[in-house]
Amino acid sequence: MGYLPVDTIRKRKNGTPHTEDEISWFIKSYMKDEIPDYQMSAWLMAANFNPLTIDETFFLTREMKNSGEYLKFDSGVPTIDKHSTGGVGDKASLILGPMAAACGLQVPMITGRGLGHTGGTTDKLESIPGYNTALNLKDFKNIVEKNGISIIGQTESLCPADRRIYGLRDVTATVESIPLICASILSKKWAEGIEGLVMDVKCGSGAFMKSEKDAENLCKNLIEIGARCGLKVVALLTNMDQPLGRCVGNALEIKETLEVLGGDKETYADTRELSIELTAHMLCLSDKSKTVEDCREKARDSLDSGKALQVFQSLVELHGGDLSKLPEAKTKTPLLAKEKGYITAIDTYEVGMAGVLIGAGRKNKSDQLDLNSGFYFHKKLGDHVQKGEPLLTIHCDDGEKLKNSMDRLYSAIEIEHKKINLKPLVQSVFGVSQ
C-alpha cells in the first residue's frame, strides 16, 4: 500500500491509529530523506497532542532500533543496564555500573551529553584527561566482555533514526511526550543487546518530570513497552528536589564518584544509597532467586571491599583516561547564607541553570563546557545554617560568570525557621523486581 506523509500527519493529528507498516514506512522514508524535517516535525507535534498507543510506540521503538547497528552478547553473562531520565548532580551511573560489574554482570552503557539544567555522563567522563567516549561498537563490546563494563557516548551507527528525531524534538518543544520518550530510551537500550533495564525516573524540581503522576505514567509505559521489546524492566521513581550528593559539575562529580567508590559512607550518603538501590535491582533482574535485600547486601560489599573501585579504575584505563590528572578550578568562592534557619527548598532546576552560567552545562548542543567548573554543596535540604555560613562553594575562574551564578543560586535556596520533613530518596518501585 502506498502512503503519503500528509496523510500520516493528518491521521496523527486526528488521533487515528497508525498501522505497523505505516510507521515502518514513515521512519524508513525519513531516513532516506524522502520525508523532510518539516513534515517529521509536524508529525511529532501531532504526536505530542495525540499520544501514540502502546502498539504504535512499540512499532516506533523497533523501527528506530533497526535503523542502525545493534549488539548481541553471547557470553552467557547476564547483561543489564541502567538509565536515568536526567537530574542535577546525578553521577550514579558512574558508581553503580562498576558495582554491578564487580558483582558479575555485564553493563554495556551508552550515555548522552548534558543539555540545559541536566548533566550528561559522557561529559563527566570526558573531564578525565584522555578518556575516549567515542569507541566503535566492536571495541566497546570487547571492553564490556573483558572488564564487565564500558561507558561510551551514543555512536553514529546505533539508532540513527532516534538521533535525528531527537534533534527535532529538542527544537520543536516535543521532548515531553511520554510515548516518544519511551521509544527514544528503549530503542537505544534494546540496541545495546541487554536483557534487562533499571530505570531511574526522576521527579521533583530538578527533574524533567515535575509531577509524580507523569513520572508514574512514564514508569508504567517503560515497563509495558520494554516487555514488548523482550526486555525485563524495573523502574524506580526517585526524588530530585535537590542535587544528588554534594557535587554538581563534571570533574567535581568524578571526584565524588571516586570518594563513594573509595568507601565514603557519610559525606555523600544519598549518592551511596541510590547507587546501592539501583544496583540491587539490576542484580535482581539477573537472578530472580535473590531478594532485593540480598542484592543490596551484595551491592554494599562491592563498594566496601573496593572491588567496584578497581573496576572503575580499569574502565578508565581501558578507555585511555588518567585519573591522576583530573582538572580543578583555581578559584573557589563560597556562597554565604544571608540569614540563619533551615534549608527548606532548593529549586534544583535553577541550580542546574546556574551551572550553565558558569560553563558546567550547555544552553545549546554546540556549547563548549568548562569541565572544571561546578558547585560543592555544604548544606542540603533540612540542614541548619547560621548567617554567614557557606551554603555551597562555587568552582569558577570567570568573575562575570561567577557573579551571575551567585544571583541565581541565592534565588534557588530558601531558608526558614521551621524544619521540613524530607521525602524519601526512592519514592516508589514499579516492575518485576519489587
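Read-outs throughout are calculated quantities, based only on the coordinates presented, and are distinct from any laboratory measurement. Computed from a predicted model, the values in this text were never measured in an experiment. Please note: Cβ atoms are built from the backbone with ideal geometry, for glycine as well, and neighbour counts cover all protein chains shown.
Taking only Cα atoms and a 10 Å spring cutoff, compute GNM fluctuations for the chain and point out the largest among Asp241, Asp123, Asp367.
Asp367
Please go through the residue pairs Lys91/Lys325; Lys189/Lys307; Lys11/Lys138 and name each one whose alpha carbons sit more than 30 Å apart in this structure. Display every interim value, and only then the final one.
Details: Lys91/Lys325 19 Å; Lys189/Lys307 26 Å; Lys11/Lys138 41 Å.
With Cα atoms farther than 30 Å apart: Lys11/Lys138.
Quick one: compute the contact order of region 329-416, relative version, from alpha carbon pairs under 8 angstrom and 6+ residues apart, as a percent.
Numbers: 175 pairs, mean separation 42.3, N = 88.
Relative contact order here is 48 percent.
Could you compute the FRET efficiency for Lys213 and Lys28, with r as their C-beta to C-beta distance and R0 at 56 Å, rounded to 0.05?
Working: r = 35 Å, r/R0 = 0.63.
It comes to 0.95.
Return the single residue from Glu63, Glu192, Glu259 with maximal mean-square fluctuation; model: Gaussian network over the chain, springs between Cα atoms under 10 Å.
Comparing Glu63, Glu192, Glu259 in the GNM, the peak value goes to Glu259.
In nm, give the distance between the simple-model label positions of Leu422 and Asp294, each being 7 Å from the Cα along the Cα-to-Cβ direction.
Distance between the two pseudo-spin positions: 3.1 nm.
Using a 10 Å cut-off on Cβ atoms, rank the peptides 91-102, 310-321 from the highest mean neighbour count down. Provide the component values of the computation, followed by the final result.
On the way: 91-102: 28.2, 310-321: 19.2.
Going by the mean number of other Cβ atoms within 10 Å, highest first, we get 91-102, 310-321.
Separation between the Ser157 and Asn14 pseudo-spin-labels, each 7 Å from Cα along Cα→Cβ, expressed in nm?
The modelled label-to-label distance comes out at 4.3 nm.
Exactly which trypsin sites (Lys or Arg not before Pro) in region 216-290 are in a DSSP loop and have at most 13 other Cβ atoms within 10 Å?
Lys265, Lys288
What are the extents of the Cα atoms of region 1-133 along their three principal axes, in Å, largest first?
51, 38, 26
For the pair Leu323 and Tyr3, how long in nm is the line joining their label points, each one 7 Å along Cα→Cβ?
With each label point 7 Å from Cα toward Cβ, the separation is 4.9 nm.
For the chain, with the dipole built from +1 on Lys and Arg beta-carbon atoms and -1 on Asp and Glu ones, taken about the Cα centre, which of Gly263, Gly341, Ala46 lies farthest toward the positive end?
Gly341
Summing Lys, Arg as +1 and Asp, Glu as -1, what charge do residues with Cβ under 12 Å from the Cβ of Asp7 carry, Asp7 excluded? Before the final figure, lay out the partial values.
Numbers: positive: Arg10, Lys11, Arg12, Lys13; negative: Glu22.
Net charge in that neighbourhood comes out at +3.
Using all C-alpha to C-alpha distances in region 60-141, build P(r) with 10 Å bins and read off the rounded percent in each one.
Calculated P(r), rounded to whole percents: 14, 41, 38, 6.
Please order Met64, Met40, Met406, Met109 by the number of other Cβ within 10 Å, starting at the fewest.
The most exposed by this proxy come first: Met406, Met40, Met109, Met64.
Relative contact order of the chain, please, whole-number percent, based on alpha carbon pairs below 8 angstrom and at least 6 residues apart.
Values: 933 pairs, mean separation 85.3, N = 434.
Result for the chain is 20 percent.
When the expected Rg is taken as 2.2 N^0.38 Å, what fraction or multiple of it is the alpha-carbon Rg of region 5-50? Working shown, then result.
Details: Rg = 9.7 Å, N = 46, 2.2 N^0.38 = 9.4 Å.
It is 1.03.
Would you mind estimating how fast region 130-283 diffuses translationally, via Stokes-Einstein at 25 °C and 0.890 mPa s with the Kirkwood radius over Cα pairs, in µm²/s? Please report the intermediate quantities before stating the final value.
Details: Rh = 17.4 Å.
In µm²/s, the coefficient is 141.
Among the listed pairs Lys330/Lys419; Lys13/Lys213; Lys146/Lys380, give every one whose C-alpha distance is greater than 28 Å. Don't skip to the answer; put the middle values down first.
Details: Lys330/Lys419 35 Å; Lys13/Lys213 25 Å; Lys146/Lys380 39 Å.
Lys330/Lys419; Lys146/Lys380, as the Cα separations exceed 28 Å there.
Rounded to the nearest 0.05, what FRET efficiency is calculated for Ala345 and Glu224 with R0 set to 35 Å and r the Cβ-Cβ distance? Mind showing how you got there, number by number?
Working: r = 34 Å, r/R0 = 0.98.
Working from the Cβ atoms, E equals 0.55.
Hey, can you rank 71-81, 159-169, 370-380 by average C-beta count inside 10 Å, highest first?
For the peptides 71-81, 159-169, 370-380, the packing ranking is 370-380, 159-169, 71-81.
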